1. When residues of segment 177-205 are filtered for being farther than 21 Å from L119 by Cβ, touching a residue at least 24 places away in the same chain (Cβ under 8 Å) and in contact with a Pro (Cβ under 9 Å, 6 or more places away or on another chain), how many remain?
2. What do you reckon, is G196 in contact with a His (Cβ under 6 Å, 6 or more places away or on another chain), within 25 Å of T16 (Cβ to Cβ), at pLDDT 90 or above and part of a strand (DSSP E or B)?
3. Got a number for residues in segment 78-101 being assigned to a loop (DSSP other than H, G, I, E, B) and either modelled with pLDDT under 60 or of a type outside the set (D, E, K, R) (or both)?
4. Among L175, L156, L137, L165, which is buried (at least 16 other Cβ atoms within 10 Å of the Cβ), of a type outside the set (G, A, S), closer than 18 Å to H189 by Cβ and in contact with a strand residue (DSSP E or B) (Cβ under 8 Å, 6 or more places away or on another chain)?
5. Residues that are modelled with pLDDT of 90 or more and either farther than 24 Å from F17 by Cα or not acidic (D, E) (or both), at least 1 per element: which strands (runs of 3 or more DSSP E) completely within segment 102-163 meet that?
6. Of everything in segment 125-153, what is within 16 Å of A193 (Cα to Cα) and of a type in the set (S, T, Y)? Give them in sequence order.
7. Return the pair list, or none, for Cβ contacts closer than 6 Å from residues in segment 22-36 that are farther than 16 Å from L58 by Cα to residues that are modelled with pLDDT under 80 and not hydroxyl-bearing (S, T, Y), at least 6 apart or on different chains.
Amino acid sequence: MYSMSILSPRRSAILTFIRDRIAQQGQSPSLAEISEAFGFASRSVARKHILALTEAGLIEVMPNQARGIRLIQTAPRPELLEIPVMGRVAAGMPIGPDVGTHDTLLLDRATFSRVPDYLLRVQGDSMIEDGILDGDLVGVHRSSEAQDGQIVVARLDGEVTIKRLQTGHNQFLLLPRNPAYAPIVVEPHQDFAIEGVFCGLVRRE
């Protein structure tokens, strides 16, 4: 057994990087390559993460080998979720879509109020009063419907944003949670759709 805190987003991303490198090239990356890929200042930072993954029982390191990292095959753990990172979502003015899987993270199911289908990286500060900050990864449960007051990921004229939904009088409002931003009024002629509902977030280290 291991502490869930070990599986931080950064360490989960490193584990994914190791897995992909072994699958693609038949050998694990070196500490130098991990440091370069993640922008670490030195190999000692990469070594710290590798040690944590080793203590978590997810990998083993063969001594005296530059590429000595080996994956340990374990049975799936029901409390862990493997969730794709699909792109960005605006917490400010809507931004254009950023589609495609950018990463896959292994995260604790208890992090989320319901199981998310994917994660989006927040860009902007319009939701800070709801605790959603620039750079956070928000979990999104796919749904074309939402209740009044829920935080939603919405698509407006082809652009994507995260806001609180307000309904009434045959009109939708997308409400920011930062007084520096004005509510977005959805006009009848605009192409509007709810993509999903917010179900939790992960903050990168």
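1. Going through segment 177-205 one residue at a time, the tally reaches 1.
2. Numbers: in contact with a His (Cβ under 6 Å, 6 or more places away or on another chain): yes; within 25 Å of T16 (Cβ to Cβ): yes; at pLDDT 90 or above: yes; part of a strand (DSSP E or B): yes.
Yes; evaluated as a whole, the condition is true for this residue.
3. As a first pass, look at segment 78-101 and keep what is assigned to a loop (DSSP other than H, G, I, E, B): 78-79, 91-94, 96-101.
Now drop any that are not either modelled with pLDDT under 60 or of a type outside the set (D, E, K, R) (or both), which leaves 78, 91-94, 96-101.
Here the count works out to 11.
4. None of the other options fit; the residue is L156.
5. Ranges flagged: 118-123, 137-142, 151-156.
6. S143, S144
7. S30/A66
The values are calculated or read from the model by the stated rules, or taken from the named source; none is laboratory data. Keep in mind that this is a model prediction, so the values were computed, not measured. Counting neighbours? That spans all protein chains shown, and the Cβs are built from the backbone with ideal geometry, glycine included.
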